[in-house]
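Below: one structure, written as structure tokens.
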């Protein structure tokens with residue numbers, strides 16, 4: 001009877017130890033595999049936000065310049081340049097979305 005209790009106690013200790021090791025291996029592996037992915041996705045989101053902000057700024061500047069072209073025709077070349085920049089930025093963001 002005492003041997004059954006002792007074997008049961010030893011089995012429980014072994015099972016507890018194996019469980020601890022298993023949890024540690026799973027948790028550390030998940031951390032090592034998941035953190036780089038999280039950092040990369042955060043970096044991509046920040047880049048997208050910066051591109052959107054730059055596009056909004058260039059569009060707002062171009063919009064403001066378009067009102068001046070009526071009064072100042074020499075501003076038309078600058079407005080054309082701004083529109084080209086906005087189109088290039090839009091094209092670059094679409095290409096990045098397709099590739100990544």
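Overview of results
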quantity	calculated
Chain lengthening between residue 14 and residue 33 when straightened (0.36 nm per residue, less Cα-Cα)	4.0 nm
Residue 52-residue 21 FRET efficiency (beta carbon distance; Förster radius 35 Å; 0.05 resolution)	0.15
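Read-outs throughout are calculated quantities, based only on the coordinates presented, and are distinct from any laboratory measurement. Note that the structure is a prediction, hence the values are computed from the model and not measured. So basically every Cβ, Gly included, is an ideal-geometry build from the backbone, and we count neighbours across all protein chains shown.
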